[in-house]
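Here the structure comes first, spelled out in structure tokens, and everything after it is commentary.
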Amino acid sequence: MSVPAKFTGQAALAKQTANAFDLKEHAYTPRAFTENDVVIEVEACGICGTDIHYITCGWREHDQFPAIVGHEIVGRVVRAGKNTTHKLGARVGFGAQCSSCRECDNCNAGMENYCTRAYVGTYQGPTGDKVQPYTQGGYADYYQGPGHFAIPIPDGLDSAVAAPLLCAGVTVYAPLKRYGAAKGKKVGVIGIGGLGHLGVQFAAALGADTYAISSSDRKKGDAEKLGAVGYINASDTEAVLKEHKGSFDIILCTSDQNDMPLNEVYLPLLKTFGNFISVGVPDNGLPHIGGALLPGKSITGSLIGSPSELEAMFKLALEKDVRTWIETRPMKEATQAVNDMTAGKARYRYVLVNDNYVKKE
Ligand SMILES: [Zn+2]
Ligand SMILES: [Zn+2]
């Protein structure tokens, strides 16, 4: 299989503002190929909230433009280095991380996502290459990265449905598993969106009594379809506490709302030694934490997942029928898709697809 010298993607040529995105076709020369790498021909790439933060410089100012984002990438291997285990033609995916040091304590323990020395993002990460000094992502025709971070996609999963699991999926699956979501446990998932709709499904798939927690009643119907046994409208503080105070083992927070009722509702809902897990942080940070923390409550964070967690997640998704709710858009219409995403229209994930994508029924 031949690999072109240049990869072509939909790039932000400069910093842009939300709802006025304008991505342009951009060809770049990838960093030099090594025997640890694979190149995949991209079939599908999900649109993640992080993509938007990088295009707008929302988290921090940067000057790495043109920027091709996208880190929920599924495609077929068209070139495989000798040191990789991947076969030509195999379907694999890259999530938010494409490299780590492979030597630190965390990497040695299979927690590459917590690498303390050399975490490299799938896009905007350092390459050490003069021609292309930072990684470019999956809104493109090809992607190149270390084979260790290319995760096999099970045959039964559609490429576009699988793509968002690589970032959104593992971001919620990994902490649910780590903190013990299982049969007999009560789990709440705050925010029913790209992350949350997967959080509800994975918590239910792990066997937990799963509640969707939202700030209105709008998502009630969806929550039920996703496998929630209950629905909590957190804006009705008194009724919520009366029914559920001190009863949750885990509350997984996927919301990045600045005014979340952490002290008033979420911490009181936890059991003693219960865990509030944040996988997204509001721009202003979490609310000031008061005495509601003292009765043995914990607040913790979690960042994506490791290659082994990704593999375990795909296995569970296949077994328990966890599926991303998606809408596909042609790769060339990336601009419209990111504008629609920031306008809040996604139910619950847009996935960009190239012409080689074939839908699996
Ligand atoms: Zn992401
Ligand atoms: Zn490391």
Worksheet item: What is the residue count in segment 87-105 for residues that are surrounded by fewer than 18 Cβ atoms within 10 Å (Cβ to Cβ), under 23 Å from the mean Cα position of the chain (by Cα) and not basic (Lys, Arg)?
Response: 2
Item to complete: May I ask you to list the residues in segment 94-120 that are closer than 24 Å to residue 169 by Cβ, outside any loop (DSSP other than H, G, I, E, B) and either more than 6 Å from ligand 2 (Cβ to nearest atom) or charged (D, E, K, R) (or both)?
Response: 94, 97, 98, 99, 112, 113, 114, 120
Worksheet item: Residues in segment 55-75: is at least one outside any loop (DSSP other than H, G, I, E, B), modelled with pLDDT of 95 or more and more than 16 Å from ligand 1 (Cβ to nearest atom)?
Response: yes
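Of 184, 199, which residue is modelled with pLDDT of 95 or more and not in a helix (DSSP H, G or I)? Working first, answer last.
Working: 199 fails: not in a helix (DSSP H, G or I).
On inspection, the qualifying residue turns out to be 184.
Which of the residues belonging to segment 1-47 are among the β-branched types (Val, Ile, Thr), under 23 Å from the mean Cα position of the chain (by Cα) and part of a loop (DSSP other than H, G, I, E, B)? Before you say what the answer is, go through the steps one by one.
Just the residues of segment 1-47 that are among the β-branched types (Val, Ile, Thr), to begin with: 3, 8, 17, 29, 34, 38-40, 42, 47.
With the extra rule that they be under 23 Å from the mean Cα position of the chain (by Cα), the set shrinks to 17, 38-40, 42, 47.
17, 47 - these are the residues of segment 1-47 that are among the β-branched types (Val, Ile, Thr), under 23 Å from the mean Cα position of the chain (by Cα) and part of a loop (DSSP other than H, G, I, E, B).
Listed here are the residues, each with its yes/no results for (1) open to solvent by 50 Å² or more (accessible area, probe 1.4 Å); (2) within 18 Å of residue 146 (Cα to Cα).
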{"residue": "8", "(1), (2)": "no, no"}
{"residue": "13", "(1), (2)": "yes, no"}
{"residue": "16", "(1), (2)": "no, no"}
{"residue": "24", "(1), (2)": "yes, no"}
{"residue": "37", "(1), (2)": "no, yes"}
{"residue": "50", "(1), (2)": "no, no"}
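The values are calculated or read from the model by the stated rules, or taken from the named source; none is laboratory data. Not measured: the values here are computed from a predicted model. Note that we place each Cβ from the backbone using ideal geometry, even for glycine, and neighbour counts take in every protein chain shown. Ligands, DNA and RNA are excluded from the accessible area calculation, which covers all protein heavy atoms including side chains. Shrake-Rupley method; radii C 1.70, N 1.55, O 1.52, S 1.80 Å.
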